[in-house]
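> After the structure tokens below, expect a handful of questions from me.
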Amino acid sequence: MAAIVLLSALAGMGLVRLDQLIQLNPSPSRVWLYGGTAESAMSLLSAVASSAITVAGVVFSATFVTMQLASSQYTPRVVQALSRKWYLHGVLGAFLGNFIFSLIVLRSVRPASSIDGTPEFTPVVAVSASVAYSIVCVGVMIYYIAYGMRSLQPTFLIDSAARETITLLTHRNRLALIQRDEGQAVPLPRFDTEPDVIRVSTPGFILRNRVETLRQIAQDEGLQVRIEARIGTYRLQNEPLLSVWPAGKVSAETMDLLAACIVLGPERTTDQDIEFGFRRVADILLKALSPAINDPTTAEYCMNRLCELLVLFASGPAPRPYLTGSDGEVRVFWLAEDFNRYVDTALGQVRFYIGHDVSLMLYVLDMLKRTAGLVGGHYEEAIIQESRRLTESIFETISDEEDLEMLRTASSWIPTNARTHTSI
């Protein structure tokens, strides 16, 4: 948005300067260029500027109302996804840019003066560009109206909450394939000595790990570094952030460089945080199941996307939790991904909110069955365990024998010998 406003201001100044150089006189015979007087140009530009800033205010207001409704109806976590949409910034930038452009051109218009003999100056090209810019803004406004109508639909918001995570998972799977092609995995290092520990100075969520920079520093200094917490976890002050071997070799300056590679902040983002994407969709699901909202259809949509994310996560080999240096030695390593953690984030609370809706219970069990069949391998066990917990909770809630029979049939795919649980 700021870039559009700045470019509009520069374009306004540039076109005014072009008009000063070419000294093009207004002529009605030029269909595509402005052909009026300086006074009419001032009226036109004033109208364009006032209209643009008024519409920009309406767009801001509509955006805030949309985000407030989405926050209360679904989850506050979707506000972040909506506010980061590039086309929202583009719409606001277009109208603010049109306002700035028109003001800059307006200040250069000079009507003829009979007092001091000042010649009339009408920036024909710049005024024509302002009119064209206004037509573009009308098209942008039409697009924004269509966007606003879609932005409050459940499927749109659920997709917004899930899309960034789908991108992260796709990148993760691609990285795993690249690592597999690069060669065999190597064992993680084990140490007999205590490390130097870099601790958290300012509490916050771990937002990003700059692992490539960590690797370069570790290789240059002959170090091995372990990241002590997963992305998305909240670290308290003085909790361990990095462990560095060998101890006593790291200078204070290097310690600061290493600590700067772990970015913390007050709020989770989806820059690298896969679990947060699961959390956003799961929050919409739980809100839809709450008595205040009671929207089972939205809950089904959320269930579809959560199962999609789980299948995408399990669709390829897991990336290696380390980076090696040019010498083949492990330089940076971290905690391996935990599929059970993602399953718990996505599905762990459903059994507490699903209530007595038998149709929704049957739908959820069917989606879990299909998901378990698609993920396969050791991932399937996590889905089975969560399905078993859900089924146990369901049977404690439903008393109607006919409903119980349908649920028994729907849950018959769950093995009775699942670990850590008794059969139903």
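The values are calculated or read from the model by the stated rules, or taken from the named source; none is laboratory data. This one's a predicted model, so the numbers in the text were calculated from it and none came from an experiment. Backbone-built Cβ (ideal geometry, glycine too); neighbour counts: all protein chains shown. Side chains are part of the model used for accessible areas, which takes the heavy atoms of the whole protein and leaves out ligands, DNA and RNA. Shrake-Rupley method; radii C 1.70, N 1.55, O 1.52, S 1.80 Å.
> Take the conditions open to solvent by 80 Å² or more (accessible area, probe 1.4 Å), modelled with pLDDT under 90 and hydroxyl-bearing (Ser, Thr, Tyr) and apply them to Thr422. Does it pass?
It is true that Thr422 is open to solvent by 80 Å² or more (accessible area, probe 1.4 Å), modelled with pLDDT under 90 and hydroxyl-bearing (Ser, Thr, Tyr).
> Next up: I'm told Lys249 meets every condition in (1) over 20 Å from Ala346 (Cβ atoms); (2) modelled with pLDDT of 90 or more except one. Can you identify the failing condition by its number?
It fails just one condition, (2).
> Now a separate question. Within segment 307-314, identify whether any single residue is under 26 Å from the mean Cα position of the chain (by Cα) and acidic (Asp, Glu), and answer yes or no.
yes
> Something else: Hey, can you tell me all the residues within segment 130-163 that are open to solvent by less than 30 Å² (accessible area, probe 1.4 Å) and farther than 30 Å from Ser72 by Cα?
Ser130, Ser134, Cys137
> To continue, here is another question. In contact with a Phe, Trp or Tyr (Cβ under 9 Å, 6 or more places away or on another chain) and touching a residue at least 60 places away in the same chain (Cβ under 8 Å), is that true of Val364?
It is false that Val364 is in contact with a Phe, Trp or Tyr (Cβ under 9 Å, 6 or more places away or on another chain) and touching a residue at least 60 places away in the same chain (Cβ under 8 Å).
> Kindly state which helices (runs of 4 or more DSSP H) lie completely within segment 1-98 and contain at least 3 residues that are at pLDDT 80 or above.
2-22, 38-73
> With the requirement that a residue be without any contact (Cβ under 8 Å) to a residue 60 or more places away in the chain, open to solvent by less than 60 Å² (accessible area, probe 1.4 Å) and either among the small types (Gly, Ala, Ser) or within 30 Å of Asp400 (Cβ to Cβ) (or both), what does segment 308-350 give you?
Ala336, Val343, Gly348, listed by residue number.
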